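The block underneath contains the structure these notes are about, expressed in structure tokens.
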Amino acid sequence: MAEFTFEAAGLGISFGGLKAVSGFGLKIHPEGLCGLIGPNGAGKTTVFNLMTGVYKPDQGTMTLGGQSLIGFAPYEIAKAGIARTFQNIRLMGDLSVLDNVLLSYHFREPYRYIDAILHTSRFQKNEAELKDRAVELLELMGLANRKDDQAKNLSYGNQRRLEIARALALRPKLLLLDEPAAGLNSKEKVDLMHTVSDIRDRFKVAILLIEHDMKLVMGICERITVLDHGEIIAEGTAKEIQENPKVIEAYLGVE
Amino acid sequence: MKYTQWIIFGLVIGAIWTLGFLFETNLNPYVVRVIVNCGIAMILAMSLNLVNGCAGQFSLGHAGFMGVGAYLSAAITTLLPVAFPQLSFLREPLGIGIAVVVGGFGAGIAGYLVGLPSLRLRGDYLAIVTLGFGEIIRIIFLNVDAVGGPRGLPGIPRESTFFWVYFWAFVTFLFLYRLMKSTYGRAILSIRENEIAAESMGIKVSHYKVVAFVISSFFAGIAGALFAHYQGFIDPATFNFNRSVDVVIMVVLGGMGSLSGALIGGIIVSLLPELLRMILFTMGGLPDTYRMVIFPLILIVLMLVRPVGLLGHKEIWDFFPSFKKKKGVKAHG
Ligand SMILES: Nc1ncnc2c1ncn2[C@@H]1O[C@H](COP(=O)(O)OP(=O)(O)O)[C@@H](O)[C@H]1O
Ligand SMILES: [Mg+2]
């Protein structure tokens, strides 16, 4: 099972001379649940963008299951097995909730153009199968009854859930969640953290979770990486992190 | 299921044939001409809608691809039989049918060549570059003496009829409708909705932009070929910037991304000027130029009242939920 270990080392990127992230390293084992925390502007989202090919790193290496991901376009990263959600929600707002999830099955090419145009039995069968699978996922995320609504009409919390559902539909090896609890109330936040750890068990997927609120990640993450000013200032278990004076100073201190 | 589909197509095509027969024997030729032009406009609007409405890429060069289809097909049916007498069958209906399809493929290839470099650009930049390519295509026709240069190409067999135009309108509609209801359609729509998210969900955005552009150009070429064989004469000015703008207006008016909206937009943009012409005539023969003032005014008012276009992103049947439900039941049964 060591096959799909994600490993990054020395990742760095600058924007116009300003180092946003430097020397970033991380190892996530299959089905691991890790946290990435740090104050606002620390470079957490930038790390996700590096990991998903949105930004090309200036230096560093990055592999999934031994395969290098450097130079991959975002769609190639998705195919390779890394899915993500966005801090600023990026759903297909005008499309239905169901279509948002169905989109994630596209790269597996369920049928060809000719099947779609002639409505062949392959089209009928595979399209129905995809819909069943998508509805199943939506049920799990508590969105099945909203499947025909436009995504933009969902509540904020449901939009975040839909983002997770469609990322899961890619059947990733590694799922990146960028502040999935942002904007939720404290009860919803706790529920969501339960959902996150359920997802890990059910889908056998590794998860890297960005969360601004340190207490939330402490509860569920096995290992936590702390980022400040684009650099890792601590890495370890929740307990180690909580006791690390650097973290207390840089992170908890400002709270 | 598979057979009922073909029976329904047969019935629709039979109905188009019957309508064509009835119209051409009973209506005055002017009215038939307006109806046929409507059909061509509908094909143009539906095809441009794929790029401008569904993929959200603003193309302003549709007339150029229409021109490629028109010139290529006309060259096949008009010039080839002259050069090679043994190819005289190309002036017969079957030959013309082939020429129309070849015109479509030619336009599709042109769409590929234009789309590949220009679809890297976005928004206004893409609009300007496609406009430029549209003009380049027109200027090529203007300078190729074999197809008549500025004099145009006369003597094209006038074999497009109501039947053929509406047959192709039906094919275009069905093709695009089914495309958009498939995984490929979802990929194309995702470009409009959010490129970054689409890429992150495994969609190769640059590829599907080109796919949309090529399919769109193909049907523009078909429309152009039908047009050429309806008019019997084409010249470069027929495919100028104004015609591209007309098609954009059809799409915007009907609602970006709405296939049925494109049909309505096509009808309005073809019919309204004719209606205005009639109204001006009955009002004591006011000059025809008033038409050119009133028409844009109507459009401006419409866009102010309903900026998303008549149907928005929706289809006409979305406004009649009961019909949709019935359709849903049928699809399951
Ligand atoms: N595309 C970009 N261009 C310029 N600066 C950027 C870009 N993306 C991120 N940054 C900068 O990188 C830093 C880290 O941002 P970000 O990763 O969003 O922080 P976090 O997610 O930890 O709050 C910020 O100073 C931000 O301004
Ligand atoms: Mg962030």
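The values are calculated or read from the model by the stated rules, or taken from the named source; none is laboratory data. Quick caveat, the model's predicted, so the values are computed rather than measured. Counting neighbours? That spans all protein chains shown, and the Cβs are built from the backbone with ideal geometry, glycine included.
Of everything in segment B:141-188 that is free of Cβ contacts under 8 Å to residues at least 12 places away in the same chain and among the basic types (Lys, Arg), the residue that is nearest to B:VAL101 (Cα to Cα) is B:ARG178.
When we screen A:GLU3, A:GLU31 for residues that are away from every other protein chain (no Cβ under 14 Å), in contact with a helix residue (DSSP H, G or I) (Cβ under 8 Å, 6 or more places away or on another chain), among the charged types (D, E, K, R) and more than 14 Å from ligand 1 (Cβ to nearest atom), the only hit is A:GLU31.
Restricting A:LEU227, A:LEU175 to those that are under 29 Å from A:GLY23 (Cα atoms), touching a strand residue (DSSP E or B) at 6+ places or on another chain (Cβ under 8 Å) and more than 16 Å from ligand 2 (Cβ to nearest atom) reduces the list to A:LEU175.
Restricting attention to segment A:107-132, the residues that are closer than 16 Å to A:ARG166 by Cα, surrounded by 14 or more Cβ atoms within 10 Å (Cβ to Cβ) and more than 8 Å from chain B (Cβ to nearest Cβ) total 1.
If the condition is being crowded, with 24+ Cβ neighbours inside 10 Å and more than 10 Å from every other protein chain (Cβ to nearest Cβ), then segment A:75-97 contributes only A:VAL97. Of all the numbered requirements in (1) over 23 Å from B:LYS314 (Cβ atoms); (2) in a loop (DSSP other than H, G, I, E, B), A:ASP148 misses one, and that requirement is (1). Scanning segment B:192-213 for residues that are of a type in the set (A, V, I, L, M, F, W, C) and either free of Cβ contacts under 8 Å to residues at least 40 places away in the same chain or surrounded by 23 or more Cβ atoms within 10 Å (Cβ to Cβ) (or both) turns up B:ILE196, B:ALA197, B:ALA198, B:MET201, B:ILE203, B:VAL205, B:VAL211, B:ALA212, B:PHE213.
Residues in segment B:287-306 that are at pLDDT 80 or above and assigned to a loop (DSSP other than H, G, I, E, B): how many? Total meeting the criteria: 1. From the list B:SER200, B:SER190, exactly one residue is modelled with pLDDT of 95 or more and closer than 20 Å to A:GLU127 by Cα. Which is it? Exactly one residue qualifies, and that residue is B:SER190.
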